[in-house]
1. From Ala25, Ala51, grab the single residue that is among the hydrophobic types (A, V, I, L, M, F, W, C), exposed (fewer than 14 other Cβ atoms within 10 Å of the Cβ) and at pLDDT 95 or above.
2. Tell me whether segment 105-112 contains one or more residues that are without any contact (Cβ under 8 Å) to a residue 24 or more places away in the chain and closer than 28 Å to Phe32 by Cβ.
3. All but one of (1) modelled with pLDDT under 95; (2) exposed (fewer than 14 other Cβ atoms within 10 Å of the Cβ); (3) not acidic (Asp, Glu) hold for Ser31, so report the exception by its number.
4. Can you run down the residue pairs with Cβ atoms below 9 Å, 6 or more apart or on separate chains, where the first is in segment 130-146 and acidic (Asp, Glu) and the partner is loosely packed, with under 15 Cβ neighbours inside 10 Å and not in a helix (DSSP H, G or I)?
5. Residue check: is Leu39 within 30 Å of Thr151 (Cα to Cα) and touching a residue at least 60 places away in the same chain (Cβ under 8 Å)?
6. Within segment 89-139, take every residue that is hydroxyl-bearing (Ser, Thr, Tyr) and in a helix (DSSP H, G or I) and give me the one that is surrounded by the most Cβ atoms within 10 Å (Cβ to Cβ).
7. Being at negative phi and within 15 Å of the chain's Cα centre (by Cα) is true for just one of Gly122, Gly108. Which residue is that?
8. Pairs, please: C-beta under 6 Å, at least 6 apart or cross-chain, first residue surrounded by 14 or more Cβ atoms within 10 Å (Cβ to Cβ) and in segment 56-76, second assigned to a loop (DSSP other than H, G, I, E, B)?
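The values are calculated or read from the model by the stated rules, or taken from the named source; none is laboratory data. Everything quoted here is computed from the prediction, not taken from an experiment. So basically every Cβ, Gly included, is an ideal-geometry build from the backbone, and we count neighbours across all protein chains shown.
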Amino acid sequence: MQKFGYFLVLLLILVSCKEGVQETAIVEESSFGAMANELPKVISVNAKAKAILDGWKDYSMFHQGFERIYTIDTREDLVLVIEDLVEKQKALENSEYPAEFNIPQIKGRQKVVKTYILKTKGDLEYRLNPEVSIKELITAYNALRDQFNVTVNNTLPAELMETDEL
């Protein structure tokens with residue numbers, strides 16, 4: 001009878017531990033879906049900038065890939081989206097820029113976006129929480145899109161900016 005009691009206690013412990021592990025896995029997967037809903041939104045560009053960006057194929061592909069961040073449900077989805085963004089960012093960096101956007105201000109902000117893409121990729125590889133990195137990535141991407149707006153709305157002549165004399 002005493003052996004039966006030990007067996008029953010051991011069985012009870014094993015069953016109770018097993019249920020807790022399953023709940024933890026479910027919570028982790030659902031947290032990525034909730035995180036995607038709480039991310040800041042991408043700012044829009046004005047009509048002038050949109051007309052130029054629509055003709056820039058590599059940027060359009062990068063933007064479509066970036067929008068997929070808002071559809072993630074699991075860690076694996078995010079890994080795939082970030083790997084895709086790394087490839088599309090490389091293609092964008094090597095592409096020919098439209099004349100209006102072939103300026104250091106745009107290229108500099110694009111390098112910042114690249115930095116945060118790689119930071120997010122590193123967080124995922126080391127199994128760290130990528131939420132802060134993703135928010136920083138979206139902030140950097142919004143700064144790039146805002147620079148597109150500033151560039152097309154700039155009414156100052158380029159010669160004025162290039163001269164050092166007053």
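1. Within the list Ala25, Ala51, the selection yields Ala51.
2. Yes, there is a match, as at least one residue in segment 105-112 is without any contact (Cβ under 8 Å) to a residue 24 or more places away in the chain and closer than 28 Å to Phe32 by Cβ.
3. (2)
4. Asp146/Ile43
5. yes
6. Per the stated criteria, the residue is Thr120.
7. So the residue among Gly122, Gly108 that is at negative phi and within 15 Å of the chain's Cα centre (by Cα) is Gly122.
8. Taking only residues 6 or more apart or on different chains, the pairs are Trp56/Pro98; Asp58/Ser95.
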